[in-house]
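Visitor: Below you will find the structure I want to go over with you.
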Amino acid sequence: MNLRSFSLAVLLAGAGASAAAGQVISTFDTGLDGWTLATNDPASTLTFFATGGNPGGFIQFSDGAQGSDDVFSAPAKFLGNDAGYLNGTLSFDLARNQQAENIGFTPLVITSGSGDNLSLILAAPATSSNPLVWTSYNLALNPSTGFVFDGGTTNSLEWVASGGTPATLGQINAVLGNVASIYVPADMHNGTELTSLDNFALTAAVPEPASWGILAGGMVAWCAVRRRRVNSKSI
């Protein structure tokens, strides 16, 4: 292998290791950031607030209570090929002004372009009004979290938990490889309510120490080859 080819191999190894540090996030400090409501309730609204978040800005769902359960719908930057986030985390903050007595029926849902989905019933967030009390969720994108495969069903945009089987690592990877939508529960109460969302993020897994060792070893070898090439030219 010549010096140029060897250098390219080392750089590609480094790119593979450093890609694991990636993250895509909505902090809602300047606006809705492309988020919408998936809803069949025309009276429900989604509003941006510049202060009061965790910290900074946040978005808030106001329930019109005239239809089925509404959900926050993630924008395009979170969709597509997310396989690089396998074993990473999906994290976000929720705040509510009413008890979430229906959260057992309104899961977090990740759908794929193939028609499969991952769903997860969340622990109920804290109930608060002014100031908001934020509940943080940090979900590992692997079987340890308890995702259900093909357990979310929809009827007129109302997602409910129904059936399914515990998701395997392969099934999670398949869904993440072709994400069509990500829905975060917003409507979890009988009647009107306010649900707030902040700091939604997909974060890649931190590389194993062995990966960094391989990269470091490659760099040492690259330096040795380069030094040998320089020394041979000076003779």
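We did not get these values from a lab; they are worked out from the coordinates using the rules stated. From a predicted model like this one, the values you see are computed outputs, not experimental measurements. Here Cβ is always computed from backbone atoms with ideal geometry, including for glycine, and neighbour counts include all displayed protein chains.
Visitor: Short version: ³J(HN,Hα) in whole Hz for each residue of the range 95-110, in order, from phi by Karplus 6.51 cos²θ - 1.76 cosθ + 1.60 (θ = phi - 60°), x for Gly and Pro, what are they?
Guide: Using θ = phi - 60°, the values come out as 9, 9, 9, 9, 5, 9, 6, 9, 5, x, 10, 10, x, 5, 9, 10 Hz.
Visitor: Hey, what do the phi angles of the range 166-179 turn into as Karplus ³J(HN,Hα) couplings, whole Hz, using 6.51/-1.76/1.60 and θ = phi - 60°, x for Gly and Pro?
Guide: x, 6, 7, 4, x, 5, 4, 4, 5, 5, 5, x, 8, 6
Visitor: Taking the dipole about the Cα centre of the range 35-170, with the C-beta of Lys and Arg at +1 and of Asp and Glu at -1, give me whichever of Leu122, Phe92, Pro55 is farthest to the positive side.
Guide: So the residue we want is Pro55.
Visitor: Once the other residues with Cβ under 12 Å from the Cβ of Ser112 are scored (Lys, Arg +1; Asp, Glu -1), what is the net sum? Intermediate values should be presented prior to the final figure.
Guide: Details: positive: none; negative: Asp82, Asp116, Asp150.
Around Ser112, the surrounding residues sum to -3.
Visitor: For the range 144-175 and the range 93-112, what is the separation of their C-alpha centers, rounded to whole Å?
Guide: Rounded to whole Å, the Cα centres lie 15 Å apart.
Visitor: Here is a follow-up. Using a simple charge model, +1 on the beta-carbon of Lys and Arg, -1 on the beta-carbon of Asp and Glu, nothing else, what dipole does the range 23-203 show about its Cα centre, in debye to the nearest 20?
Guide: Value, rounded to 20: 320 debye.
Visitor: Which of the three applies to the range 114-163, rounded, prolate or oblate, going by the alpha-carbon gyration tensor with a ≥ b ≥ c and a/c under 1.5 meaning rounded? Before the final figure, lay out the partial values.
Guide: Values: a/c = 3.13, a/b = 1.59, b/c = 1.97.
Oblate is the answer for the range 114-163, as a/c is 1.5 or above yet b/c matches or exceeds a/b.
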